Amino acid sequence: MVRLTPAGGADRIDGRATDAQGQVFLKARVRAAPENNEANRALEKLIAKAFGVAKSKVRIARGATARLKTLEIENASDAEIAAFIATFEDA
């Protein structure tokens, strides 16, 4: 899961955090505005670059209009995704 801040001044992953239920998520910001799906596309591109896959391999599975989004990375195992999230420090 990723918490997205659109129109955040930069395209970057700020770290990871944990919600009240103990769910770990990444905190990301993109320069794109939350209009016409631009911020979502920018998030997919940002995550793809950081994960080392083509942007076509990343898609928002849930939360397209919400701040907290669930993404799918094609052909990535749960262990690979967990290891990727673990590389970021707590924000």
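A short reminder: the numbers here are calculations on the coordinates, not readings from a lab. As the structure is a computational prediction, the values presented were derived from the model and not from experiment. Don't worry about glycine lacking a Cβ; one is built from the backbone with ideal geometry, like all the others, and counts go over all protein chains shown.
A Cβ-based charge dipole, computed about the Cα centre of the chain with Lys and Arg at +1 and Asp and Glu at -1, lands at about 280 debye. Here the Gaussian network model covers the chain, with springs between Cα atoms less than 10 Å apart; of Ile47, Ile73, Ile81, Ile81 fluctuates the most.
When trypsin sites (Lys or Arg not before Pro) are flagged only if DSSP places them in a loop and at most 16 other Cβ atoms lie within 10 Å, the longest unflagged stretch of the chain comes out as 32-66. Sparsely packed loop sites in the chain (the GluC sites (Glu not before Pro) outside DSSP H, G, I, E and B with at most 11 other Cβ atoms within 10 Å) comprise Glu35, Glu74, Glu89. Per-residue 3J(HN,Hα) values for the range 61-68, derived from phi via the Karplus relation 6.51 cos²θ - 1.76 cosθ + 1.60 with θ = phi - 60°, read 8, 8, x, 4, 9, 9, 6, 9 Hz in sequence order (x marks Gly and Pro). Extending 7 Å from the Cα toward the beta-carbon at both Asp90 and Ala76 defines two label points whose distance is 2.3 nm. Here the range 12-55 is treated as a sphere whose radius is the Kirkwood value from Cα pairs; by Stokes-Einstein at 25 °C and 0.890 mPa s it diffuses with a coefficient of 215 µm²/s. What the phi angles of the range 27-43 give under the Karplus curve with 6.51, -1.76 and 1.60, with θ = phi - 60°, is a coupling list of 9, 10, 9, 9, 6, 5, 7, x, 10, 6, 6, 5, 5, 5, 5, 5, 5 Hz, glycine and proline written as x. Other residues lying with their Cβ under 14 Å from the Cβ of Gly22 contribute a combined charge of -1, Lys and Arg counting +1, Asp and Glu -1. Share of pairwise Cα-Cα distances greater than 22 Å in the chain is 18 percent (whole percent).
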